[in-house]
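To start, the structure itself, in C-alpha cells.
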Amino acid sequence: MKAIVVHEFGGPEVLHLEEIPKPSPAAGQVLVRISAAGVNPYDTYTRNGVYAIKPSLPYTPGTEGGGVVEAVGEDVGNLKPGDRVYVSKNLTGAYAEYALALESQVHPLPAKITLTQGAGVWIAYGTAYHALQQCAGAHAGETVLIHGASGGVGIAAVQIARAMGLVVIGTASSEKGRELVKREGAQHVFDHSKVGHQEQILEATNGRGVNVVLEFLANVNLGQDLKLLASQGRVIVIGSRGDVSISPRDLMARRGSIRAFTLWDITEIEEREVLAGIFAGLENGTLRPVVGKELPLAEAARAHKEVLEPGAFGKIVLLP
C-alpha cells in the first residue's frame, strides 16, 4: 500500500510517499481503508521532533481519518467490514491507504457525514467539546471568544458553542474565513489582524468582557486575552508555539483563570462523554465538519506548510 513515511525528523521534505506492506488486524484490532486523513498543526510539530511525544522512526504520520472497515480481528464485536467509520487514534498512521487501529479507536460515522468529513471529526470536535464543556464549564448565556475561528477546531467550537446557547465572537484574518465563521453561527466576527479589534470585541459585549476565550496561539495573544475577560472569566489554552509574558494583575482584577490541556491527556470517562456528544451532534446535524482543502497523499509536504499559514479555512485533508 502507499503511505507517507518519515525516516528522520525535520522539515516537510522528510515526508516521503512509499510503498509499504498492508497490515493485518490482530485480535481486538480493525483495519480501515482510509478515504481521507486529517492534517493538524501538531502533525508538523511531531514531524519536526519538537512535540512532547516522539514516535519511533520510521513512522507514518496521521492520527485521524475517515474511511470504511476493511477487516476485523478476533474479539471485535461492534464493527464489521463495510462499516463507515472515523478513526480517532490508530496504531500505524492515517497518512496511508490503510490504517490499523484498536476497536476502541474506531467509531461509527452517521450517514449524513461524508467519509472526507470524517477525517475532521476527532481532533477538531474532541478539542472543542472538551474545551467548552469540560474545561471551561461554559453555560448558556455566556459569551465565548474564539480566536482563529475559521480553522478546523475553531469552526467546531463555533458550532458547539451555538448549540450550547452561548454568544459567539469569532476572529479570522481573511474575508473568506470571516464569512465562514459567520455562516456557521457566530454573532460577531472580527479581523484579528487589524489594530483595534480588541476594542471591537469589548464593544460587542457592552464593555463587560467575555466569559471564555479559546486560545489557539497563546504565545501571541494570551496577554491581550486577559484584558478582555469578564469577571471570573477563563482563558482555555489549546495551542501555543512559544513562550509568553503576562501581567498577573490582569487576572487578579477580574478573578480570572488560565486553563490548558492536550486532547491526549483526557481521562477515559471524559473521552466517553466527548465521543457521545460528538456522535449526537453529527447525527442530528448540529455538528458539520467543514473541509476547506483536499490534497492528494503525495502532497503531504504542501499540506504541512499550509496548515500553519494564516487565513485558515476549515480542515485540510489528504486523499490516498
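The values are calculated or read from the model by the stated rules, or taken from the named source; none is laboratory data. For clarity, every value in this text was computed on a predicted model and none was experimentally measured. Neighbour counts run over all protein chains shown; Cβ positions are idealised from the backbone, glycine included.
Applying the set (1) surrounded by fewer than 24 Cβ atoms within 10 Å (Cβ to Cβ); (2) in contact with a Ser or Thr (Cβ under 9 Å, 6 or more places away or on another chain); (3) more than 19 Å from G38 (Cα to Cα) to Q105 leaves exactly one unmet item: (3). Counted as qualifying within the stretch 1-48 are no strands (runs of 3 or more DSSP E), as none has 2 or more residues that are buried (at least 17 other Cβ atoms within 10 Å of the Cβ) and without any contact (Cβ under 8 Å) to a residue 40 or more places away in the chain.
Counting only strands (runs of 3 or more DSSP E) that sit wholly inside the stretch 49-131, those with at least 1 residues that are under 19 Å from the mean Cα position of the chain (by Cα) and closer than 30 Å to G148 by Cβ are 65-72, 84-87, 106-108.
Here is a yes/no grid of residues against (1) within 13 Å of F279 (Cα to Cα); (2) touching a residue at least 60 places away in the same chain (Cβ under 8 Å); (3) outside the structural domain of A163 (by TED's automatic domain parsing):
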residue: A94; (1), (2), (3): no, yes, yes
residue: Y98; (1), (2), (3): no, yes, yes
residue: A101; (1), (2), (3): no, yes, yes
residue: A111; (1), (2), (3): yes, no, yes
residue: L132; (1), (2), (3): no, yes, no
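Those residues that are more than 24 Å from the chain's Cα centre (by Cα), of a type in the set (D, E, K, R) and under 15 Å from V144 (Cα atoms), I need them from the stretch 189-235; list them, please. Those that are more than 24 Å from the chain's Cα centre (by Cα), of a type in the set (D, E, K, R) and under 15 Å from V144 (Cα atoms): E203, R208, K227. In the stretch 71-84, the residues that are assigned by TED's automatic domain parsing to the domain that holds G28 reach residues that are among the hydrophobic types (A, V, I, L, M, F, W, C) and in a loop (DSSP other than H, G, I, E, B) with C-beta atoms within less than 7 angstrom, at least six apart or across chains, in these pairs: V72/L79; G73/A26; G73/A27; E74/A27; D75/A27; R84/L109.
Taking the stretch 190-275 as the region of interest, the strands (runs of 3 or more DSSP E) fully inside it that hold 1 or more residues being surrounded by fewer than 13 Cβ atoms within 10 Å (Cβ to Cβ) and touching a strand residue (DSSP E or B) at 6+ places or on another chain (Cβ under 9 Å) are 229-237. Here P310 qualifies as on the phi < 0 side of the Ramachandran plot, out of contact with any Phe, Trp or Tyr (no Cβ under 9 Å at 6 or more places or on another chain) and in a loop (DSSP other than H, G, I, E, B). Evaluated against (1) among the acidic types (D, E); (2) touching a residue at least 40 places away in the same chain (Cβ under 8 Å); (3) out of contact with any helix residue (DSSP H, G or I) (no Cβ under 9 Å at 6 or more places or on another chain), E179 falls short on exactly one condition, (2). Scanning the stretch 132-146 for residues that are in contact with a helix residue (DSSP H, G or I) (Cβ under 8 Å, 6 or more places away or on another chain) and assigned to a helix (DSSP H, G or I) gives L132, Q133, Q134. Take I269 and tell me if it is assigned by TED's automatic domain parsing to the domain that holds L132 and without any contact (Cβ under 8 Å) to a residue 60 or more places away in the chain. Judged against the criteria, I269 is not a match. In the set (1) over 18 Å from the mean Cα position of the chain (by Cα); (2) part of a loop (DSSP other than H, G, I, E, B), A298 fails one condition alone, (2). Remark: G281 falls outside the filter, which requires a residue to be assigned to a loop (DSSP other than H, G, I, E, B) and either at pLDDT below 95 or outside the structural domain of S173 (by TED's automatic domain parsing) (or both). Of A156, A149, A186, A161, all but one fail to be under 26 Å from V291 (Cα atoms), in a loop (DSSP other than H, G, I, E, B) and under 17 Å from the mean Cα position of the chain (by Cα); the exception is A149.
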